[in-house]
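So the structure is just underneath, and the comments pick up after that.
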Amino acid sequence: MEPSFVIDTHALPEGIGAWTFPVPPEWCAHHLAAGGVEPTDAPGTVEVEVTKTGDGYLVRGRVRVFLTGTCVRCLGPTPISVDAKFDALYVHGIVDATPRKAREADEDGFEAVAEEPDVEHFQGHEIGIDAYVRDTILLEVPMNPRCPVPCPLGSPGSPC
């Protein structure tokens, strides 16, 4: 699938630029299906500001989407609103779907894994931020969503 949120670095004559992308429910359905959530009919938005920084581009943004999850108590649908900020540095290089890892052994001989999720790579002059937006949304979805109003299994007068 082609990226939906693409930043053209040639459109940064002053080294800074801003974009607003709509997040259609179809995008959420395709990219967030593995997260146990479904989109609502309301479209979301991704707002980004891009700044040229030496050899890379700093992408600062905010994603807002409206989803539906499953309440862990009553198993009914419950609304989930995601409003999250993100920062990522994109540099020219080989695009790889797996995170880069640096391994170092400590004094006990155990290897520590240090991931650099905030450094991404791109080729050419277009930066596709779909994967980063997807990861930001999924990290904001609660692991155990609960109904915002009392559900049948909750105690009287309190939310789930």
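The simple spin-label model puts a point 7 Å past each Cα toward its Cβ; for residue 6 and residue 51 those points are separated by 2.7 nm.
The stretch 32-95 and the stretch 1-31 have Cα centres lying 12 Å from one another. Taking other residues whose beta carbon is less than 11 angstrom from the beta carbon of residue 43, and scoring Lys, Arg as +1 and Asp, Glu as -1, yields -1.
Computed from the coordinates by the stated procedures, all read-outs in this text should not be read as laboratory data. It should be emphasised that the depicted structure is a prediction, and the values quoted were computed from it without experimental measurement. FYI the Cβ positions are ideal-geometry reconstructions off the backbone, even for glycines, and counts take in every protein chain you see.
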